[in-house]
Structure formats: structure tokens, C-alpha cells
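Read-outs: derived from the displayed coordinates by stated rules, not from any lab. This one's a predicted model, so the numbers in the text were calculated from it and none came from an experiment. We place every Cβ from the backbone using ideal geometry, glycine too, and count neighbours over all the protein chains shown.
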Amino acid sequence: MKRLEGRTVLLFGGAGGIGSAVSLRAGAEGANVVVGSRQHDHATAVAAEVEANGGTALGLGVDIRSETSIDAAVDAAIAAFGGIDAVHVNAADMSPETIQADTDAAAIDLDVFDRSVRTNLRGYLACTQRVIPVLLARGGGAIVYTSSAAAFVGEPERPAYAITKAGLNSLVWHVASRWGKEGIRANAVAPGPTVSAAVDSVLPDSYKQEMLATLRSPRLGKPEDIAAMVVLLLSSEGEWVNGQVISVDGGRTLR
Ligand SMILES: NC(=O)c1ccc[n+]([C@@H]2O[C@H](COP(=O)([O-])OP(=O)(O)OC[C@H]3O[C@@H](n4cnc5c(N)ncnc54)[C@H](O)[C@@H]3O)[C@@H](O)[C@H]2O)c1
């Protein structure tokens, strides 16, 4: 029996490095996969790949900065598959104009902070607000968010990014506490440095070595490493895991 057979999984940010791996893995595990991504064409391409592998998928454009857009994605998932059983909220503002300008607390332009919060925190709360009633209508369900090792390690740069991920961890704890008894499980996966094959081919070796030096494992992460944990948490095998932020980071953190 496949782990997500007959379940409908909605992904917000399902077509990037980690999101694509989760979409593909969920499809291979028998889920109806609704691949939501800001770029509609990316979402459609990943959905086509899920289907080429024998799975069932729908690709759609969604921007988690907009409640209207989130509503439309939720409605489309329900129209296509009759309901939603599990949700992965994974999108983050990783654009160069945000991440590269996320310098330090003294220098950061507050617009950079606002943009980070808008997607990585407000967007996550907005997705949560929309999906909770839908999951409750099914008698419960699983939400997995994507946090980051950055929330724990105290990096000297990227304060806005780290603050949003630390805030997200509190959202996990809140949702599990508020709706756990009603059958909703909320967890997060906190990746360490994770590189897709496409990114790996363009990253300078020196940068990869620098990241590797922060780990206890002998290699950097791959999106499939993260997808394996996300799918476990989305499935009934993760039924007794609730309110956890689980590091999948090659030993970047020791918690
Ligand atoms: N790659 C890593 O090393 C790493 C480490 C720790 C945490 N993470 C987290 O993993 C998640 C995925 O990151 P990734 O490395 O796969 O990056 P990525 O850039 O490949 O994926 C991010 C995805 O989010 C989508 N997105 C951005 N803004 C959006 C919005 N407003 N609405 C909808 N979709 C939006 C993008 O289109 C993209 O597909 C992020 O939450 C990131 O913070 C990544």
C-alpha cells in the first residue's frame, strides 16, 4: 500500500527545488497532488512530471501573498478532487532582491524585512487560515510547513529570513495546540543546506565546501532528503507526530 494512496495533497510552493521533490514523491506515494506555485508554468510542468511517472496531479498558479489567490487554489483542489487531506506550505521569498539584501540587523532596509514577512510568515498564516476549515471538514488532516536550520543557528547574516522561520515554528506549535484534538497535525521540517542538481551545477565549489564544513554529515542535502520526511509527516505513518519542528540537515544543528 502506498503511503498517500487516495489522499489529496495541496502544495503551496510545489515547483521549486524542495517543492518539486515533494510533489514527485507524493505522486509516487499515490496522492492526488495539487502543485501550487507562483509561476503557473512551473507548476504545470511539475504536475506533468508527476503524471508521466504514473501519478495524478493538477498544476496551478498561486501567490501566497494574496488571500484571493490562496482561496482560488483551495477551491480548485476541492473542485478537482473533492477535498484536501494534507497540505505542504513550502514557499519562501528567495529572490535575490530579498535574500541578498538581508544583510544584518543594523543595515537591513525594512522593506526587505516586510517582503520576507509577507511571504514567509503572513503567507503561511494566510494558508493556515484557509486550509484549517477544509481539513476539519474531512475530520482532520496534516499540515507540514518548511522552516529552516537558520531559525536555530544564529547566523550573522539573513536576520529577516531567520526571524520569519523562527516565527513559523511558533505557528506550528499554535496550530497543533489549538486543533490537535480535532485531528489536525501541524509539523515543520527544518532543512539544512539543500541543493538541487540544477543549483549544484552552478554553485561555486568554494561555497559548497563552506556549507559542508558546517555539517556533521559528509555531503550536502538533496531535495529528496527533505521530501522523504515531508511525505512521512503528511502520511498516517506520522500520525503520532504533532507540533514538531524536525531538522533534516545533515547534523547542521544538534537539538
Ligand atoms: N535549499 C535550502 O538550502 C533550504 C534550507 C532551509 C530551508 N529551506 C526552505 O525550503 C523551502 C523551499 O526552498 P528551495 O530551496 O526549494 O527554494 P526554491 O526557490 O527552489 O523554492 C521556493 C519556491 O517558492 C515559490 N514561491 C516564492 N514566493 C511565492 C509566493 N509568494 N507564492 C507562492 N509560491 C512562491 C517559488 O516560486 C519557488 O518555487 C523554503 O521555505 C526555504 O526557506 C531551503
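Between Val74, Val50, Val195, the Gaussian network model of the chain with springs among Cα atoms under 10 angstrom shows the greatest mean-square fluctuation at Val195.
With helices as the sole contributors, the chain gives -13500 deg cm²/dmol at 222 nm; each DSSP H run of n ≥ 4 counts as -39500 (n - 2.57), and the sum is divided by every residue. Between Leu203 and Ala72, the contour length at 0.36 nm per residue exceeds the Cα-Cα span by 43.5 nm.
Other residues whose C-beta falls under 10 angstrom from the C-beta of Ala28 contribute a net charge of +2, scoring Lys and Arg +1 and Asp and Glu -1. When the alpha carbon coordinates of the chain are projected onto the principal axes, the ranges are 48, 35, 35 Å, largest first. For the chain, set up a Gaussian network in which alpha carbons nearer than 10 Å are linked by springs, and say which option among Asp200, Asp75, Asp85 fluctuates the most. Result: Asp200 has the largest fluctuation of those listed. The alpha carbons of the stretch 109-255 occupy a box of 50, 39, 28 Å along the principal axes, longest dimension given first. Shown here for the stretch 91-153: trypsin sites (Lys or Arg not before Pro) in loop regions (DSSP other than H, G, I, E, B) with at most 16 other Cβ atoms within 10 Å, namely Arg138. For the stretch 80-140, applying the loop criterion from DSSP together with a ceiling of 10 other beta carbons within 10 Å to the chymotrypsin sites (Phe, Trp or Tyr not before Pro) yields no site.
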